[in-house]
Amino acid sequence: MTPAMNNLVMPVGEEGKAKALSGFLARLLELGVVDSMVLPVMTVPGIMTYLMARDPELIREKAEPFAAVMPVNAGSPVARTVSKKPRGRIGALLKPCEVRALVELVKLKQASPDNLLIIGIDCTGTVDRNEYKKAYPDTSHLDLREACKVCLNPSPPDTAFPGINIGHIGLDDEDALLVSLSTGLDPGVAAVVEELGFESDGSLADRRRSAIAALREERDCAHREFFLNSRAEQNGGGIESIARLLAACTGCRNCRVACPVCYCRECIFDGDVFDYETRQLLRRADRKGGIKIPGDTLLYHLTRMNHMSLSCVACGMCQDACPENINLFSLFARVADRTQSLLEYVPGRSQEDALPFTTFREDELEPR
Amino acid sequence: MESSVGFEPKIVAFLCNWCTYTGADLAGVSRIQYPSNVRPIRVMCSGSVDPMYILKALLDGADGVLIGGCHGGDCHYVNGNYKARRRIAVLREVLDELGIGSERVWFRFISASEGALFADTVKEMVDSLKSLGPNPTKAMWIT
């Protein structure tokens with residue numbers, strides 16, 4: 001059930017939507033709603049990062065809330081800003097897949113939701129960060145990332161956090177942005193926002209909703225086709241085919257670092273289990289004639305799929321991080337789609353849905 | 001694929017201390033004959049078997065992996081077997097989606113008093129693995 005949202009309209013002046021939204025975020029910081037605001041900024045031309053701002057002027061000057069590029073999935077660094085139950089509140093402007101990753105991290109007890117004010121923002125897709133850097137400032141012709149082309153969640157989930165959502169899908173020709181306050185929002189925060197004098201309006205919200213539905217429908221076809229192609233690409237199936245697809249893996253673990261929901265503080269692959277004695281390696285090599293080193297790369301990817309696919313938000317950062325350009329997104333997205341539908345789990349939807357591995361039903365999954 | 005004639009599958013079995021391992025022990029003390037293809041590893045609970053260990057066995061050339069836990073409601077740790085069931089179901093989805101196939105992974109609830117069931121399960125699994133043939137990972141070194 002979608003909770004009723006209080007929909008407000010933020011007027012946009014001549015300076016444009018980015019400045020209007022930056023001004024709104026700076027205002028929230030100025031009025032003490034948050035102690036700091038995390039948001040995307042450009043460090044040097046063409047390179048984006050996230051800034052944890054304390055100075056509202058820095059936000060007004062530097063914020064790039066609509067830049068179609070994603071340096072990291074900020075769900076995980078934002079979680080880390082509040083992992084130690086701080087006092088005070090951190091605000092963060094996050095894309096839908098970042099919000100969803102953060103929900104998973106909250107459920108994994110790696111972020112304290114009480115110390116967050118999440119401002120979700122619609123996202124119609126991002127482009128490859130390296131292409132963006134090369135093409136900057138003329139970036140409008142760039143193709144969306146593979147993950148974004150098939151993304152079915154262009155809007156942040158309403159049920160994820162008692163926060164604020166910024167809507168702009170379907171409102172391109174309006175001089176306005178939609179500001180939706182969720183019902184559970186801290187009344188103190190809501191009061192401050194309401195005092196900014198935005199008018200209440202349902203018609204923009206309706207237009208946005210139907211534009212999102214249309215976009216999802218379009219993407220749904222692309223999504224299905226993408227999965228079919230990826231399966232076909234695997235060409236014959238069998239363990240050999242998957243080993244072939246992952247053959248270039250050097251074991252750098254960049255995909256794990258980039259993954260916002262690969263949640264272990266210390267990965268088993270960095271531990272003693274994989275710190276083999278020479279004799280163990282020799283014994284294995286003896287059995288197979290030889291072993292690849294660095295080894296266990298196939299085991300690593302398959303294990304990661306088992307550990308994190310239920311929480312996979314399909315952001316595709318694993319693929320962006322791969323120095324060998326392995327098509328990780330399609331493999332992980334396909335697997336995640338299967339495991340999530342098996343246990344009827346939608347990652348990032350709500351903090352109320354229990355993580356599937358922490359719970360069970362007595363009458364399920366039979367025969368084993 | 002290698003012919004299954006003369007092929008003796010190797011099964012790595014993760015058996016729960018409280019039920020299936022004791023069941024296997026009962027099969028032994030009852031002198032029930034069953035194939036010697038199984039290499040048991042005693043674990044405290046089927047819920048403690050991370051899919052990583054199952055995958056490791058499969059990628060290192062084990063022909064099958066058997067996980068044995070207590071029957072529903074009997075888990076010594078209240079619900080580890082139910083959690084194992086979820087984990088293994090997810091493992092199956094991963095293996096099936098990637099075309100690796102999950103038929104080499106067996107998860108069975110076998111209690112401490114079911115020595116005969118343990119022996120029958122091993123027999124059944126050996127037959128099934130013989131018809132599947134050797135695990136192709138035996139000869140693969142790029143795992």
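The table for this structure:
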item	result
Length added when fully stretched, A:ASP173-A:LEU228, from 0.36 nm per residue minus Cα-Cα	16.2 nm
A:SER112/A:GLU217 FRET efficiency (R0 60 Å; Cβ-Cβ; nearest 0.05)	0.95
Overall form of chain B per C-alpha gyration tensor (a/c, 1.5; a/b vs b/c)	oblate
The range B:11-139: relative contact order as a whole-number percent, Cα under 8 Å and 6+ apart	38 percent
For chain A, alpha-carbon Rg and Dmax in angstrom	22.0, 75
Debye log10 I(q)/I(0) for the range A:233-358, one point scatterer per Cα, at q = 0.13, 0.14, 0.16, 0.19 Å⁻¹	-0.61, -0.70, -0.88, -1.15
Sorted peptide list for A:238-245, A:310-317, B:131-138, criterion being average Cβ within 10 angstrom, highest first	A:310-317, A:238-245, B:131-138
Entries in A:LYS62/A:LYS133; B:LYS10/B:LYS138; B:LYS56/B:LYS123; A:LYS19/A:LYS133; A:LYS95/A:LYS134 that, when Cα-Cα distance is taken, lie over 19 Å	B:LYS56/B:LYS123; A:LYS19/A:LYS133; A:LYS95/A:LYS134
Cα-based reach from A:LYS288 at 12 Å (exclusive), listing aspartates and glutamates while leaving out same-chain residues under 8 positions away	B:ASP60
Gyration tensor verdict on the range A:53-103 (Cα atoms; rounded if a/c is under 1.5, prolate if a/b is larger than b/c, oblate otherwise)	oblate
Efficiency of FRET from Cβ geometry, A:LYS84 and A:ARG349, R₀ 25 Å, rounded to 0.05	0.45
Exercise: per-residue mean of other protein chain Cβ atoms within 10 Å, A:329-342	3
Residue order, fewest to most surrounding Cβ atoms within 10 angstrom, among A:PHE227, A:PHE329	A:PHE227, A:PHE329
Relative contact order %, chain A, counting alpha carbon pairs below 8 Å whose residues are six or more apart	19 percent
The range A:5-218: C-alpha gyration tensor shape, a/c 1.5 cut-off, then a/b vs b/c	rounded
11 Å reach of a label modelled at A:ILE293, 7 Å along Cα-to-Cβ, counting backbone N of the range A:253-276	A:276
Loop GluC sites (Glu not before Pro), the range A:14-60 (other Cβ atoms within 10 Å of the site Cβ: 12 or fewer; DSSP)	A:GLU14, A:GLU15
DSSP bridge orientation in the protein assembly as shown - percent antiparallel, rounded to nearest 5	45 percent
Distance-filtered residues of the range A:62-79 - backbone nitrogen under 20 Å, label point 7 angstrom along A:ALA18 Cα→Cβ	A:62-74
CD proxy at 222 nm, helix term only [per DSSP H run n ≥ 4: -39500 (n - 2.57); per residue of the protein assembly as shown; nearest 500]	-12000 deg cm²/dmol
Dipole of the protein assembly as shown, positive direction: furthest Cα of A:ASN115, A:LEU185, A:GLY202, with charges on the beta-carbon	A:ASN115
Total charge dipole magnitude, the range A:59-132, about the Cα centre, Cβ charges on Lys, Arg, Asp, Glu only, Debye to nearest 20	540 debye
Where labels lie 7 Å past Cα in the beta-carbon direction, separation of A:ALA285 and A:GLU57 in nm	6.3 nm
DSSP-defined beta bridges in the range A:5-218 - what % are antiparallel, rounded to 5	65 percent
Percentage, to the nearest whole number, of Cα pairs in the range A:1-111 over 24 Å apart	28 percent
B:ILE32, A:ILE291 arranged by Cβ crowding within 10 Å, fewest neighbours leading	B:ILE32, A:ILE291
Check: the protein assembly as shown dipole with +1 on Lys, Arg Cβ and -1 on Asp, Glu Cβ, in debye	1880 debye
Exercise: per-residue mean of other protein chain Cβ atoms within 10 Å, B:81-91	6
Relative contact order (%) - the range A:114-175, alpha-carbon pairs under 8 angstrom, separation at least six	52 percent
19 Å Cα-Cα reach of B:LYS83 towards lysines, excluding residues that sit fewer than 8 places from it in its own chain	A:LYS107
Positive-end extreme of charge dipole, chain A - chosen from A:GLY237, A:VAL12, A:ALA321 (charges on Cβ)	A:GLY237
B:ASP50, B:ASP63 arranged by Cβ crowding within 10 Å, fewest neighbours leading	B:ASP50, B:ASP63
Listed residue (A:VAL103, B:SER111, A:TYR345) projecting farthest to the positive dipole end of the protein assembly as shown, Cβ model	B:SER111
Separation in nanometres of the label points that stand 7 Å from Cα toward Cβ, at B:ASP120 and A:LYS149	5.3 nm
Simple Cβ-charge dipole of the range A:233-358, Lys/Arg +1 and Asp/Glu -1, about Cα centre, in debye nearest 20	380 debye
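Readers should treat all values here as calculations from the given coordinates under stated rules, not as data from a laboratory. Only a predicted model underlies this, so the values are computations on that prediction, with no experimental measurement involved. We place every Cβ from the backbone using ideal geometry, glycine too, and count neighbours over all the protein chains shown.
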